[in-house]
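Undergrad: Provided herewith is a single structure, encoded as structure tokens, for subsequent inquiry.
The values are calculated or read from the model by the stated rules, or taken from the named source; none is laboratory data. If you're wondering where the values come from, they're calculated on a predicted model, not measured in any experiment. So basically every Cβ, Gly included, is an ideal-geometry build from the backbone, and we count neighbours across all protein chains shown. Accessible surface is based on the protein model in full, side chains and every heavy atom, while ligands, DNA and RNA are left aside. Shrake-Rupley method; radii C 1.70, N 1.55, O 1.52, S 1.80 Å.
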Amino acid sequence: MLSKAKNPPEDLRTRTKRFALATIRLCESLPKGRTADILARQLIRSACSVGANYRAADCARSKADFVSKLGIVHEECDESVYWFELLVESGILAKDKGEAAIHEATEIVAIIVSSIKTAKDSPTWRG
């Protein structure tokens, strides 16, 4: 899911949308069962919320609004990690698939945390 060094960095709007779509596909491939269905529903909600709230942050009206919306992105992405962990630790999702998804989510979290810090430290909003 990472871009190669010689390629330009991937737009975060695209990356968060790709994260949601990959999560949807992964959840659709899970074995059918009550627990898997419940966890998949929760995971799809949080993973799709990552991209939706990132897009909302792009439309923020103030620096405080921008930081607040990025905070929601951070929370939703971290929540996605939790649901992935439960799926893996319960044996519903293969460890390798779960670890790849968790890795992508934690990278997005790191980018968002850095963006929040940059925005808070910036004397002007949106440079």
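Undergrad: Given the conditions (1) open to solvent by 30 Å² or more (accessible area, probe 1.4 Å); (2) not in a helix (DSSP H, G or I), report the number of the one that L93 does not fulfil.
TA: With (1) open to solvent by 30 Å² or more (accessible area, probe 1.4 Å); (2) not in a helix (DSSP H, G or I) applied to L93, the lone miss is (1).
Undergrad: For residues that are open to solvent by less than 30 Å² (accessible area, probe 1.4 Å) and over 11 Å from the mean Cα position of the chain (by Cα), scanning just region 10-27, find the one that is farthest from A101 (Cα to Cα).
TA: C27
Undergrad: Right, here's the next one. Identify, by number, the condition in (1) open to solvent by 40 Å² or more (accessible area, probe 1.4 Å); (2) assigned to a helix (DSSP H, G or I) that K32 doesn't meet.
TA: Evaluating K32 over (1) open to solvent by 40 Å² or more (accessible area, probe 1.4 Å); (2) assigned to a helix (DSSP H, G or I) leaves (2) as the failure.
Undergrad: If you don't mind, another one. I need a count of the residues in region 38-65 that are surrounded by 13 or more Cβ atoms within 10 Å (Cβ to Cβ) and farther than 28 Å from K120 by Cβ.
TA: Residues that pass the stated criteria total 5.
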